[in-house]
Structures are given as C-alpha cells and as structure tokens.
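Participant: Input: one structure, supplied below.
Please treat every number below as a calculation from the coordinates, not as lab data. As the structure is a computational prediction, the values presented were derived from the model and not from experiment. So basically every Cβ, Gly included, is an ideal-geometry build from the backbone, and we count neighbours across all protein chains shown.
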Amino acid sequence: MRLILLGPPGAGKGTQAEVLTKKLNVPQISTGDILRAAVKKGTPVGLQAKAFMDAGDLVPDDVIIGVLKERLTADDCKNGYIFDGVPRTIAQAEALDAQDVVIDMVLSIEVPDEVIVERLGGRRTCPNCGAIYHVITKKPKVDGVCDVCEAALIIRKDDERDTILNRLETYHKETEPLIDYYKKQGKLKDIGGEFNIESQTEEVFKALGI
Ligand code: AP5
C-alpha cells in the first residue's frame with residue numbers, strides 16, 4: 001500500500017498515520033518529521049529548511065524531492081509507505097510520478113480553518129519519538145509527559161497563531177490543487193475531517209477497506 005494523507009496542517013494526518021503504520025506494517029514518511037530531525041542535528045538540509053519552517057512557509061521543492069528520493073531507497077519502503085504531509089505542491093507530485101512512484105490511494109482529510117486553529121493551538125508533541133497529543137482531545141496519561149518514551153512534551157515553534165494562519169494560507173494556495181491533481185488520476189477519496197480521533201480512524205479504515 002502506497003498511501004498519501006492529504007489535508008491542511010492540523011487535519012490529523014500525523015495522528016492517523018501513527019495508527020495506520022501499526023495496522024498496515026509500513027512506515028510513515030513525514031517530511032515534516034524528517035526536516036525537524038535535520039534541523040535538530042544541524043545537517044545541511046536542516047540549515048536550509050529552518051527559516052522556512054519557522055515562518056510556516058514551504059521548504060523549496062528541490063530540497064524535499066532530494067529528501068524523499070533518499071528516504072525511498074530504505075529497506076523498510078519495499079512493501080509500501082504512508083506519505084504524511086508530502087507531496088505538498090504539484091511539482092512534488094510530478095517528481096514522484098517522474099520517479100515511477102505508483103500511489104495506490106490518496107485520502108483527503110478536509111477540516112475548516114477555524115477548527116485547525118483550535119487544534120494546533122492545543123497540540124503538544126514529543127521531541128524524542130514524535131508522538132502527538134492535544135490538551136483536550138488527546139491528553140497524555142501524565143500531564144506534559146510522553147506516554148511512549150516519557151520525554152517532556154513541547155509546543156512546536158510553528159504552532160503559534162500567526163504562523164498557523166500563514167501555514168493555512170500556504171496550504172490553500174500551494175497544496176489544495178493536489179486534490180484535483182489526484183482526482184484526475186482517479187486516486188482520491190475524500191473522507192471529511194470533523195470526527196473525533198477514534199471515529200476519524202474508523203473513516204480512514206473504511207475508505208481503505210481494512
Ligand atoms: P508538517 O510537520 O508536515 O506539518 P503540517 O502538514 O503542517 O501538519 P501538522 O503536523 O501540523 O498536522 P497534522 O495533519 O499531522 O495534524 P496532527 O495529527 O498533528 O510540516 C511542518 C513544516 O515543514 C511545513 O510548514 C513546511 O515548512 C515543512 N514541510 C514539511 N513537508 C514539506 C513538504 N512536503 N514540502 C515543503 N515543505 C514541507 O493533529 C493536530 C492536533 O489535532 C494534535 O494535537 C492532535 O492530537 C489533534 N487531533 C488530530 N485529529 C483530531 C481529531 N479528529 N479531532 C480532534 N483533535 C484532533
């Protein structure tokens with residue numbers, strides 16, 4: 001299964017990818033996670049990406065295409081993968097097509113902007129293992145501590161209100177056109193995104209027939 005989770009920032013792509021990766025036994029490929037790890041390590045990719053990410057702008061396509069090319073050579077990609085937050089532009093989707101990366105299905109999770117602002121304002125993430133929480137809808141067992149690895153949870157730098165609004169604007173301009181792109185390829189399933197986390201997972205499973 002080669003799956004793309006498409007949707008605005010905060011639609012719940014990462015949350016659903018976490019469940020799917022266990023269920024389908026294929027890796028989650030989140031360019032956001034890869035870039036954040038690169039920034040933390042101070043690699044050349046991280047140095048290139050940091051200012052774009054902090055501002056809520058997209059990292060240039062050539063950087064993303066290079067990152068993906070390398071990631072897809074890993075052994076764990078042999079039986080498929082879940083793209084979380086990539087492709088994000090038509091150029092990235094065309095680059096995948098040009099590399100003969102055959103996508104089986106694209107799940108579009110659409111959520112209104114005002115719900116996104118609320119969700120991202122309450123998000124807490126684990127800087128160590130990447131687990132995702134929310135102060136109201138997905139609380140950790142111990143306040144501020146990751147259930148999985150016990151690291152202290154953080155607020156992502158790009159989850160400040162002004163940056164969220166910029167990320168939404170960027171999504172509508174650069175990423176939303178992918179809905180039509182994949183519709184034309186007959187691969188898109190629109191599943192809506194205003195369910196609670198568990199019901200959203202049921203919708204995702206239903207769409208995938210699993
Ligand atoms: P990235 O890390 O990909 O961020 P994003 O796409 O903006 O997505 P998010 O991680 O913010 O949201 P999500 O949909 O995964 O939601 P989540 O599950 O966490 O990218 C960050 C930056 O990196 C970009 O701005 C860009 O600069 C750069 N970048 C990355 N990829 C790129 C690319 N391909 N090209 C160019 N630049 C790139 O959920 C959000 C919150 O809501 C959580 O608190 C969660 O618990 C809660 N929640 C989830 N589902 C529900 C629900 N159903 N009901 C209630 N609450 C929910």
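Participant: If the chain between Lys183 and Val115 were fully stretched, how many nm would it gain, using 0.36 nm times the residue separation less the Cα-Cα distance?
Facilitator: Stretched fully, the Lys183-Val115 segment lengthens by 22.0 nm.
Participant: Something else about it: What's the extension gain from Phe205 to Asp147 if we count 0.36 nm per residue and subtract their Cα-Cα distance?
Facilitator: Roughly 18.4 nm would be gained on extension.
Participant: Another question about this same structure. What are the trypsin sites (Lys or Arg not before Pro) within the stretch 110-210 that DSSP puts in a loop, where the Cβ has at most 13 other Cβ atoms within 10 Å?
Facilitator: Passing sites in the stretch 110-210 are Lys141.
Participant: Counting only Cα, what are the radius of gyration and maximum Cα-Cα distance Dmax of the stretch 119-170, in Å?
Facilitator: Over the stretch 119-170's Cα set, Rg and Dmax evaluate to 11.6, 35 Å.
Participant: With the convex hull built on the Cα atoms of the stretch 23-77, state its orientation-averaged projected area in nm².
Facilitator: With the hull built on Cα positions only, its mean projection is 4.4 nm².
Participant: Sticking with this one: To one decimal place, what orientation-averaged projected area in nm² is obtained for the convex hull of the Cα set of the stretch 59-101?
Facilitator: Mean shadow area of the hull around the Cα atoms is 3.0 nm².
Participant: Restrict the search to the stretch 84-159; then list the GluC sites (Glu not before Pro) that DSSP places in a loop and that have at most 16 other Cβ atoms within 10 Å of their Cβ.
Facilitator: Sites meeting the loop and neighbour criteria: Glu110, Glu150.
Participant: Based on Cα positions only, what radius of gyration and what Dmax would you give for the stretch 90-176, in angstroms?
Facilitator: When restricted to Cα atoms, the stretch 90-176 yields Rg and Dmax of 16.3, 46 Å.
Participant: Can you give me the Cα centroid spacing of the stretch 88-134 and the stretch 1-64 in angstrom?
Facilitator: Using only Cα atoms to place each centre, the spacing works out to 7 Å.
Participant: Another question, if that's okay. Pick from Ile197, Ile136, Ile116: which residue has the top mean-square fluctuation in a GNM of the chain where Cα pairs under 10 Å get a spring?
Facilitator: Ranking Ile197, Ile136, Ile116 by mean-square fluctuation puts Ile136 first.
Participant: Same structure, new question: What shape does the stretch 34-124 have by the C-alpha gyration tensor, where a ≥ b ≥ c are the square roots of the eigenvalues, rounded means a/c under 1.5, and otherwise prolate means a/b greater than b/c and oblate the rest?
Facilitator: Oblate, since a/c reaches 1.5 and b/c is not below a/b.
Participant: I want the antiparallel fraction of DSSP beta bridges within the chain, as a percent rounded to 5.
Facilitator: 30 percent
Participant: If you take the alpha carbon radius of gyration of the chain and divide it by 2.2 N^0.38 Å, what ratio comes out, to two decimals?
Facilitator: Its radius of gyration relative to the 2.2 N^0.38 Å reference: 0.96.
Participant: For Arg2, enumerate residues with amide H under 5 Å from its amide H, sequence gap 5+ or separate chain, H modeled in the peptide plane.
Facilitator: So Arg2 has HN proximity to Tyr81, Asp104, Met105.
Participant: Compute the Cα gyration tensor for the stretch 157-209, then decide on rounded, prolate or oblate, letting a ≥ b ≥ c be the square roots of its eigenvalues: rounded whenever a/c is under 1.5, prolate when a/b is larger than b/c in the other cases, and oblate in all that remain.
Facilitator: Oblate, since a/c reaches 1.5 and b/c is not below a/b.
Participant: Calculated from DSSP H runs of 4 or more alone, at -39500 (n - 2.57) each and per residue, what is the 222 nm mean residue ellipticity of the chain, nearest 500?
Facilitator: Mean residue ellipticity at 222 nm (helix-derived): -13500 deg cm²/dmol.
Participant: Give, rounded to the nearest 20 debye, the magnitude of the charge dipole that the chain has about its Cα centre when Lys and Arg contribute +1 at Cβ and Asp and Glu contribute -1 at Cβ.
Facilitator: 520 debye
Participant: Separate question: Zone of Ile90 (label point 7 Å along Cα→Cβ, backbone N under 19 Å): which residues in the stretch 22-62?
Facilitator: 58-62
Participant: Given a Förster distance of 25 Å, report the FRET efficiency between Val102 and Glu70 from their Cβ-Cβ distance, rounded to the nearest 0.05.
Facilitator: 0.85
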